[in-house]
Structure formats: C-alpha cells, structure tokens
Amino acid sequence: MEHIELFFKSIFIDNMVFATFLGMCSYLAVSKKVSTAVGLGAAVIFVLAITVPLNWLLDQYVLQPGALSWLGAEYADYDLSFLSFIMFIATIATMVQLVEIVVEKFSPSLYNSLGIFLPLIAVNCAILGGSLFMQSREIATLGLATTYGIGSGIGWFLAILAIAAIREKIRYSNVPPALRGLGITFIITGLMAIGFMSFGGMLTGGDEEETKEDTTVEVQVNATEDNIEIANNTKIEE
Amino acid sequence: MGLLSKKDAALIKDPLADNNPITIQVLGICSALAITAELEASIVMSISVLFVLGVGNVVISLMRNIIPSKIRIIVQLIVVATLVIIVDLVLKAFAYELSKTLSVFVGLIITNCIIMGRFEAFALGNGPWRSFLDGIGNALGYAVILIIVGFFRELLGSGTLLGIPVLGDPIEKTGLYAFGYENNGFMLLSPMALIVVGIIIWVQRSRNTALVED
C-alpha cells in the first residue's frame, strides 16, 4: 500500500516537471519531436531507477550523521552529510557512463538516435533532484527508494511525452510571432502544471484523514480574515 | 570604454539581453523557477550562481590545458560540486532560515545547465580573465530574469517586497486594500513562474523581432 501510494504520488502529485521544475532544460530542448522525447524519457526512467536506490544506500551507510556506526563505535559520531552533493553526482556520472557503454554495445541504433542526450542526462537536474529529494524527504527503505525513483522517472516521461505531442500539433496553429517556439511552450507548461495541481487531492483517504480534519478546523478558526492567504502559507510550508 | 575593451564589455552585456541564458539559450531554468516566489530567495540564488559561475569559469580556464577531454565532464562536475558545497555551508551558517526555503535547490546549482554550458562553450577555450567576465555576464543575465520574476510574484502574490508590505496591510485594510484590492495567491504557486517567464519572453521578442523563432 505504501509503495502504491508513493508510486502515484511521485508520478502525479510531486511530478518532477510540473511541481518542482526539475529537468526543464532538456524538457524544453528535446520536446520538439515525440520520437526523441520517448527515447530520452525512457533513459531518464532507467537512470533514476538505478541512481536513487544506489544513492539511498550511500546516504544510509556512509553519509548520514551516525551512518558509519557499522564500522565500529568510534565512527558513530561522524557526520559526512556535507559530502552528499559530490558523492551523489559521482554516482550519477558513473552510472550514466555505464549506461552509455551498455547501450552502445547492445543497441547501437538506440545509441545513435539518443546521441548527445545520453551523456547530458548526467547534468539533468531531475536525476540529482531525485536523489536530493530522496534524502530530504527521508524515504525509509531501499524498496521505497526504488519505487520513488521509478515513479519520478515515469512522471518526467509523461510530461515530456505530453508536451512533445502538443508541440507537434501547435506547429499548425496561428500563434503570435513573438510567442512562437519557446514562449508558448512555457505558457503551455504552466497551464499543464495548473492542471496537475488538481491531482493534489488524490491521496487524502486512509489514516491521514483525522489529522487532516484537525488542521482544517484550526485553519478555519484562524482564517476569519483572509482564508486564501493562510491556506497558501500552509501550502508553502509543506 | 576605459576599464574594459569593447570585446570584453560585450561578454558582460550580451547575456543581459540579446543572448540571455534563460530566455534565449534556454539554460538553467530548472532551479530558477521554483524559488522565485519571494524576492529575497531569488536574490540569494542569483548571488550563489554568480559566485559559482565566476569562480568556476576561472578555475576551468586555468586547468583547460591539462584536463584530458575524455573525462572533462567529471572534472567539471567536481569543480562545481566543490564550489556549491562552499555556498551551501556558508548559507547554512549565516542564513539558516533561507537555506531551508531554498532546500534542495542550492544543491541543484551543480546541475544548472548554464554552468556546464559556459564551461563547455567558453572556459575550455579562453583565458581566465575573459572567462571570468563571461561567467559574471551570464550569471547576471540569469539574475535579471530571476529578480524580475521574483519581484512580480512577491508583489502580486503577497503584496510585499523583501518581506516588507508595500501595498498596505491586508488585514486592517489600509493602502490599496482599502479600495478592495486582494492579494492574488495564485502568483505564489509554482505554475505562475512559468507563465511569467513566458510573458517576459513574449515582451522581449516583440521588442526585438530578430529573436523570433521559425
């Protein structure tokens, strides 16, 4: 149940592109054609599914405060979390290099069609963002980390597929000249993000219900003056 | 021009408008948009990028003749990651609240495409001084967009600038609020950042039609 919830949450509610704006550069640059968008999206799913669990292990057994206690009691005080950026990016760069070698060996046609975008995955913010969110949201087990990686990857894939399809159609539309290309893509992405916000209400059932009710009552008591303002503040704090 | 030759000045001036990293080169959008709900966060983010890009460009430029081209991406990532760790620790020490607001986005400066893009396109082929100017110029171009977006989102979204109320008090109904003005809470939500940037692009390309695509 926990896995299913996290899976759908990372696809729809915390969608990499629409909720946190990660991986926007390649999202905008590679979304002109559906076929290349699909290739890149698949590669992102794959890399996220590998790097997030790997970095989870790294975080759990090397980087967290007290993580080194498996080496012996005298190492229990060490806190290496300041190294996490450099360790995570090293894992990601290595994995991308490996994926590149494997793809080149076993499927040269896919390798050629992805071209420059494969090495560029190393600097795709969505990949590092996946690992950093995994760390800051304190995901509990290796299995959940894998689910989170795959889910975020699928979310990114969906987003780039949707925008690529829209951009293929919009070529025949009468867009104001100054807005053509990049401008209209930004605005469409914004509108899609507003649409995706409606998924926020998807996971309110289950045991969270009681606490939810408490907070809404509190908000209503406090919010006699300006309901929207306070609702927004709570949203941001989340 | 005095201090800078004409060619050097162009390195700073071009990225500010006609070759802006965000609106024209489409780089560095990832971390830029999510933190622009407040002007203060935008400014701090801009300063961090200014530091990382300025120093990083000089470091890469100094090392450009000794980096083997096959492993240059990893070398570049290590340089950026080191600088970003410095920024992150400084923020945590002196502006802890703000570093909480920025959360993972400080770390994401590492994968900011502007930085890798400038290393690849400029610092690997130019001397340290010119690379420094190029880094500063591009970081300022990034900062301009961030600050414009942050300004409008904070002003229209919560009626404040840098946390100071400028449109009056929404609860006691003074200033503009006395005439029935309401804060547009929608501006604080993330999708509006995209739409604001879209509008900036629209304005910029209407003024300079040479930039229009297709």
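Residues in segment A:13-24 carry Karplus couplings, in order, of 6, 9, 3, 3, 7, 7, 9, 10, 6, 9, x, 5 Hz; the curve used is 6.51 cos²θ - 1.76 cosθ + 1.60 with θ = phi - 60°, and Gly or Pro positions show x. Compared with the dominant Cα axis of chain B, that is its longest principal axis, helix B:39-63 is turned about 0°.
Which value in Å does the Kirkwood hydrodynamic radius of the protein assembly as shown take, with 1/r averaged over all unlike C-alpha pairs and then inverted?
23.3
Between B:Phe119, B:Phe51, B:Val87, the Cα set farthest toward the positive side of the dipole of segment B:10-148 (charges on each charged residue's Cβ, about the Cα centre) is that of B:Phe119. The Cα center of segment A:59-138 and the Cα center of segment A:1-36 differ in position by 19 Å. Of the residues A:Ser26, A:Ile89, A:Pro108, the one whose Cα sits farthest towards the positive end of the charge dipole of segment A:1-110 is A:Pro108 (charges of +1 on Lys and Arg Cβ, -1 on Asp and Glu Cβ, taken about the Cα centre). Between amide H atoms placed 1.01 Å from N, distances below 5 Å from B:Leu161 occur with B:Val166, all of them 5 or more places distant or on a separate chain. Overall, segment B:137-214 carries a charge dipole of about 140 debye about its Cα centre when +1 sits on the Cβ of Lys and Arg and -1 on the Cβ of Asp and Glu, all other atoms neutral.
Let me know the whole percent of all Cα-Cα pairs from chain B that are separated by more than 33 Å.
It works out to 22 percent of all Cα pairs.
Taking every lysine pair in the protein assembly as shown that is 8 or more places apart or spans two chains, those with Cα atoms closer than 18 Å amount to 7.
Peptide A:84-96 has a mean of 4 when you count, residue by residue, the C-beta atoms of other protein chains within 10 Å of its C-beta.
Read the figures in this text as sums done on the coordinates, not as results from a lab. Model, not experiment: these values are computed from the prediction. Backbone-built Cβ (ideal geometry, glycine too); neighbour counts: all protein chains shown.
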